[in-house]
Amino acid sequence: MKAILTNLFDHKSLTRVEAREVLMNISSGKYNPSQVTAFMSVYLMRAITVEELSGLRDAMMEMSIQPQFDTHSTIDIVGTGGDGKDTFNISTLSCFVVAGAGYKVTKHGNYGVSSVSGSSDVLEALGYKFTNDNDELNSQLDKAGICFLHAPLFHPAMKSVAPVRKELGVRTFFNMLGPVVNPCKPKLAMLGVYSLEMARLYNYLLQSEEMNYSIVHSFDGYDEISLTSAFKLISKNKEMILEPEMLGLKKLKASDLHGGSSVESAAQLFKDILNVNATIAQQDVVIANSAIAIQTIEPAFSIGKCVGLAQESLKSKAALNVFNKLINDQE
């Protein structure tokens with residue numbers, strides 16, 4: 001590791017093979033915590049390359065437990081986190097709205113590291129029991145239209161770095177990896193990123209994959225469609241800039257999206273939104289992200305139609321019904 005760190009500190013980068021080997025060695029406990037921290041810190045100070053991210057992703061996927069689903073047409077809706085905005089769990093809520101609209105969702109998530117409440121925090125607080133049992137996950141997907149893949153159960157080799165990540169408390173390359181290492185390899189994905197640089201990196205990474213994806217970034221720094229500003233939308237064949245009004249929705253203020261100061265308050269807000277007891281602003285931001293996810297699945301649909309499908313799913317409480325099925329039908 002000393003030679004690797006010396007090269008990285010000299011502004012050199014790793015090849016894809018080298019990056020894969022480093023993460024394999026980290027996972028096997030070959031390096032001490034100080035060396036791991038130093039390696040992770042490099043990417044807080046400079047941009048990661050496509051080759052490096054690809055190699056790290058190769059290692060993560062190689063070591064993962066990969067569930068097999070009866071259907072191949074599932075979508076993941078996930079953000080990198082690390083945007084420092086302390087929003088509520090918009091991507092996770094959007095998963096239930098999309099499932100409520102009749103689509104299959106295989107959501108990959110974890111506990112929050114740089115935020116109060118990650119997707120795993122809020123779902124656990126609401127009564128969801130994590131599992132990596134293939135039959136049970138298939139049952140959830142069949143009955144509720146959604147299942148949740150709690151990252152530590154599918155990436156057991158990453159257990160050794162969890163304490164370091166928690167102690168650092170800031171985004172690392174694991175935030176960058178999270179959205180692109182869903183162990184079931186869904187053919188559809190909507191990915192939210194905290195910077196335009198990250199959006200382009202993901203686009204380069206995913207261009208050669210046999211999947212349909214949308215990458216979104218709000219220009220005022222959110223790793224999702226925040227409706228507080230215009231946002232960039234990148235898919236396999238196009239790039240465009242959209243304003244909230246182009247979705248038929250009003251522009252919001254940052255204060256509209258605050259996620260609360262605890263997991264408990266985040267969980268209560270989660271339930272309020274699904275029960276349509278939240279503010280119009282809170283509902284609209286979930287609808288916006290759900291709509292773009294639906295358009296990722298149905299590229300021939302207009303944005304207006306996708307917004308309408310998302311609104312119907314949330315306001316008819318179809319999304320709530322999906323949530324209740326998921327929680328209540330656990331074995």
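Structure data summary
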{"read-out": "Test: residue in segment 162-172 that is at pLDDT below 90, polar (S, T, N, Q) and under 10 Å from the mean Cα position of the chain (by Cα)", "value": "no"}
{"read-out": "Selected residue [on the phi < 0 side of the Ramachandran plot, without any contact (Cβ under 8 Å) to a residue 12 or more places away in the chain and not aliphatic (A, V, I, L, M)] from Lys159, Lys187", "value": "Lys159"}
{"read-out": "Wholly within segment 257-331, helices (runs of 4 or more DSSP H) carrying at least 2 residues that are closer than 19 Å to Ser115 by Cβ, at pLDDT below 95 and not hydroxyl-bearing (Ser, Thr, Tyr)", "value": "263-274"}
{"read-out": "Segment 28-68, residues that are outside any helix (DSSP H, G or I), of a type outside the set (Phe, Trp, Tyr) and under 20 Å from Ser160 (Cα atoms)", "value": "Ser28, Gly29, Lys30, Asn32, Ser64, Ile65, Gln66"}
{"read-out": "Residue within segment 77-91 that is in contact with a His (Cβ under 7 Å, 6 or more places away or on another chain), small (Gly, Ala, Ser), closer than 30 Å to Val17 by Cβ and in a loop (DSSP other than H, G, I, E, B) present", "value": "no"}
{"read-out": "Those residues of segment 163-181 which are part of a helix (DSSP H, G or I) and either on the phi > 0 side of the Ramachandran plot or surrounded by 22 or more Cβ atoms within 10 Å (Cβ to Cβ) (or both), in sequence order", "value": "Phe174, Asn175, Met176, Gly178, Pro179, Val180"}
{"read-out": "Considering residues of segment 53-68 that are out of contact with any His (no Cβ under 7 Å at 6 or more places or on another chain) and among the polar types (S, T, N, Q) only, the residue farthest from Phe174 (Cα to Cα)", "value": "Gln68"}
{"read-out": "Filter pass, Phe130 being free of Cβ contacts under 8 Å to residues at least 40 places away in the same chain and either under 24 Å from Val307 (Cβ atoms) or part of a loop (DSSP other than H, G, I, E, B) (or both)", "value": "yes"}
{"read-out": "Count - residues of segment 145-161 that are within 18 Å of the chain's Cα centre (by Cα), at pLDDT below 95 and either part of a helix (DSSP H, G or I) or among the aliphatic types (A, V, I, L, M) (or both)", "value": "3"}
{"read-out": "Candidates Gly55, Gly29, Gly102, Gly84 - the one that is surrounded by fewer than 20 Cβ atoms within 10 Å (Cβ to Cβ), small (Gly, Ala, Ser) and at pLDDT 95 or above", "value": "Gly102"}
{"read-out": "The listed residue being touching a residue at least 12 places away in the same chain (Cβ under 8 Å) and outside the structural domain of Ile292 (by TED's automatic domain parsing), out of Val78, Val36", "value": "Val36"}
{"read-out": "Condition check for Met240: at pLDDT 95 or above and within 19 Å of Ser290 (Cα to Cα)", "value": "yes"}
{"read-out": "Scope segment 32-46; condition over 26 Å from the mean Cα position of the chain (by Cα) and surrounded by 12 or more Cβ atoms within 10 Å (Cβ to Cβ); matching residues", "value": "Pro33, Gln35"}
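The values are calculated or read from the model by the stated rules, or taken from the named source; none is laboratory data. Because the structure is predicted, anything quoted here is derived from the model rather than measured. In this analysis, Cβ positions are derived from the backbone assuming ideal geometry, glycine residues included, and neighbour counts consider all displayed protein chains.
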